[in-house]
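Scroll down for the structure; my scribbles are underneath it.
The values are calculated or read from the model by the stated rules, or taken from the named source; none is laboratory data. Note that this is a predicted model, so its numbers are computed, not measured. Ideal geometry is used to build each Cβ from the backbone, glycine not excepted, and the neighbour counts take in all protein chains shown.
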Amino acid sequence: MGGNGKIAVVGAGLSGAVIGRELALAGYSVEIFDVRDHIAGNCYSERDADTGVMVHIYGPHIFHTDDEEVWNYVNRFQTFMPYKNRVKTTVDEQVFSLPVNLHTINQFFGKTFRPDEARAFIEEKADKTIADPQTFEEQALRFVGRELYEAFFKGYTEKQWGCSPTQLPASILKRLPVRFNYDDNYFFHRFQGMPENGYTDMVAGILDHPGITVHLGTRFDKSQNDAYDHVFYSGPLDGYFNYEFGRLGYRTLDFERFTYEGDYQGCAVMNYGDPDVPYTRITEHKHFSPWESVAGSVCYREFSRLCGEDDVPFYPIRLVEEKQLLASYVERAEAETSVTFVGRLGTYRYLDMDVTIREALDTAALYRKKTADNAPVPAFLHSPL
Ligand SMILES: Cc1cc2nc3c(=O)[nH]c(=O)nc-3n(C[C@H](O)[C@H](O)[C@H](O)COP(=O)(O)OP(=O)(O)OC[C@H]3O[C@@H](n4cnc5c(N)ncnc54)[C@H](O)[C@@H]3O)c2cc1C
């Protein structure tokens, strides 16, 4: 069933690009607006003119998924190169392997344990007096004991979230965060990789359709809604309502960029767990494209802090207070007709790229079905609450 209506899509990130393309393919005339002067949203990457390094401007992005349809989708627009995320951490003047694995445990405790021995040893360390862990700290102590918690979880978490792990819910650390083998691949997903020419090139491919017009450097305001049959909004949910109930809390990141002649740290990601180091990690971008050979290097020191009014919102905080505020905005959004809120900002959830694409594909399909059935289109595909 083809459409011939006019659609506005707010945001030229992955959400907006995928929804725009799917609806353009279905015959709709799609206008995409982004307040930034570039496409690709937070996945935006650009080649540094001096060094030739492909830089992930809003922080490194690694593609990983178990969703075969999404994997096939992105591979239509870009060749994906093999990439495994292997993270190191500097703690107390030593370098360890992450996620905490058998190598980390053996190095940290000066042992040569085999898996079963390490498991028994860590079980001994676990604080079994905590029957029903409520906080992040209790959960970590319950799983791994105080030494590993303080070395590998406490300082990093404090810097990342700007509060004590005693104030964070246990749910942040759901599973046993330790591996009893030498697997140091950060992700478990079947499909992992990096786009050969960067995410911007991939998103440009998605947007390349005659039914799509992109307006960059253009803020969309809801007063424009009436000119369209439907609006898909991937901007901040609270921003859509001019923050009338207050601002939803986010963490933001400051990147201190520096260059280096040669190889600065020998790996893509080096975390810093010590509380007296003010940054959480250093990322060295050329190591995210290991198939390329460049002499110079571009690195980011990453600092995490509370997001202010003029900052880029990165991670939704979603603690009790924010959830109450979110409920007010969700109620307001659900009263809107002809607007669907999508993506990481529109639904105030942390979404990886594969989930963003999956939801964008499903949102476009739902829109086509509802309009074909003459039924109302919901404000959210999944409730953000
Ligand atoms: C630091 C960091 C690291 C990440 N690393 C990974 C990773 O390794 N792997 C992974 O899978 N995912 C990662 N992600 C998640 C990934 O960034 C998201 O999945 C993806 O960016 C979501 O796309 P989106 O289109 O929903 O949002 P965005 O990319 O944020 O796009 C929204 C766009 O809307 C525009 N906009 C907002 N309001 C308006 C308005 N009123 N008018 C016009 N335009 C507007 C914004 O300028 C923005 O470009 C990471 C996220 C962060 C924050």
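Here are a few things to note about the model shown:
- Put simply, of Val294, Val277 the only residue that is among the β-branched types (Val, Ile, Thr), surrounded by 15 or more Cβ atoms within 10 Å (Cβ to Cβ) and over 24 Å from Lys84 (Cβ atoms) is Val277.
- Remark: Ile19 falls outside the filter, which requires a residue to be within 16 Å of the ligand (Cβ to nearest atom), among the aliphatic types (A, V, I, L, M) and without any contact (Cβ under 8 Å) to a residue 60 or more places away in the chain.
- Considering the conditions (1) in a loop (DSSP other than H, G, I, E, B); (2) closer than 20 Å to Thr252 by Cβ, Arg344 is excluded by exactly one of them, (1).
- Screening the candidates Ser383, Ser338 for the property of being surrounded by 14 or more Cβ atoms within 10 Å (Cβ to Cβ) and among the small types (Gly, Ala, Ser) yields one hit, Ser338.
- Selection of first residues in region 213-226 that are more than 8 Å from the ligand (Cβ to nearest atom) and of second residues that are basic (Lys, Arg) and in a loop (DSSP other than H, G, I, E, B), restricted to Cβ pairs under 9 Å at least 6 apart or on distinct chains, gives the following pairs, ordered by first then second residue: Leu216/Arg36; Gly217/Arg36.
- Subset of region 131-156 (residues that are among the aliphatic types (A, V, I, L, M), touching a helix residue (DSSP H, G or I) at 6+ places or on another chain (Cβ under 8 Å) and farther than 15 Å from Pro177 by Cβ): none
- Residues considered: Gln192, Gln167, Gln160. Of these, the only one that is over 26 Å from Cys307 (Cβ atoms), touching a residue at least 12 places away in the same chain (Cβ under 8 Å) and touching a Ser or Thr at 6+ places or on another chain (Cβ under 9 Å) is Gln192.
- Among the criteria (1) assigned to a helix (DSSP H, G or I); (2) in contact (Cβ under 8 Å) with a residue 60 or more places away in the chain, the one Lys370 does not fulfil is (2).
- All conditions but one from (1) more than 15 Å from Pro195 (Cβ to Cβ); (2) in contact with a strand residue (DSSP E or B) (Cβ under 9 Å, 6 or more places away or on another chain) apply to Gly27; the one that does not is (2).
- Strands (runs of 3 or more DSSP E) contained entirely in region 47-129, each with at least 1 residues that are away from the ligand (no atom under 16 Å from the Cβ) and buried (at least 18 other Cβ atoms within 10 Å of the Cβ): 87-91, 94-97
- Every condition in (1) part of a loop (DSSP other than H, G, I, E, B); (2) in contact with a Lys or Arg (Cβ under 8 Å, 6 or more places away or on another chain); (3) among the acidic types (Asp, Glu) holds for Glu31 except the one numbered (1).
- Val330 falls short on exactly one of the conditions (1) at pLDDT 95 or above; (2) within 15 Å of the ligand (Cβ to nearest atom); (3) surrounded by 18 or more Cβ atoms within 10 Å (Cβ to Cβ), and that condition is (2).
- One residue from Ala140, Ala151 being surrounded by fewer than 22 Cβ atoms within 10 Å (Cβ to Cβ) and more than 22 Å from Thr252 (Cα to Cα): Ala151
- Hits in region 339-363 - residues which are under 21 Å from Leu25 (Cβ atoms) and among the small types (Gly, Ala, Ser): Gly343, Ala360
- If the condition is being of a type in the set (Lys, Arg) and either closer than 20 Å to Glu150 by Cβ or under 29 Å from the mean Cα position of the chain (by Cα) (or both), then region 69-124 contributes Arg76, Lys84, Arg86, Lys88, Lys111.
- Unmet criterion (only one of (1) at pLDDT below 95; (2) surrounded by fewer than 15 Cβ atoms within 10 Å (Cβ to Cβ); (3) in contact with a helix residue (DSSP H, G or I) (Cβ under 9 Å, 6 or more places away or on another chain)) for Leu319: (3)
Rundown of residues vs (1) in a helix (DSSP H, G or I); (2) farther than 24 Å from Arg281 by Cα; (3) among the acidic types (Asp, Glu), yes/no style:
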residue: Arg305; (1), (2), (3): no, no, no
residue: Gly308; (1), (2), (3): no, no, no
residue: Val312; (1), (2), (3): no, no, no
residue: Arg318; (1), (2), (3): no, no, no
residue: Leu325; (1), (2), (3): yes, yes, no
residue: Ser328; (1), (2), (3): yes, yes, no
residue: Glu331; (1), (2), (3): yes, yes, yes
residue: Thr337; (1), (2), (3): no, yes, no
residue: Tyr348; (1), (2), (3): no, yes, no
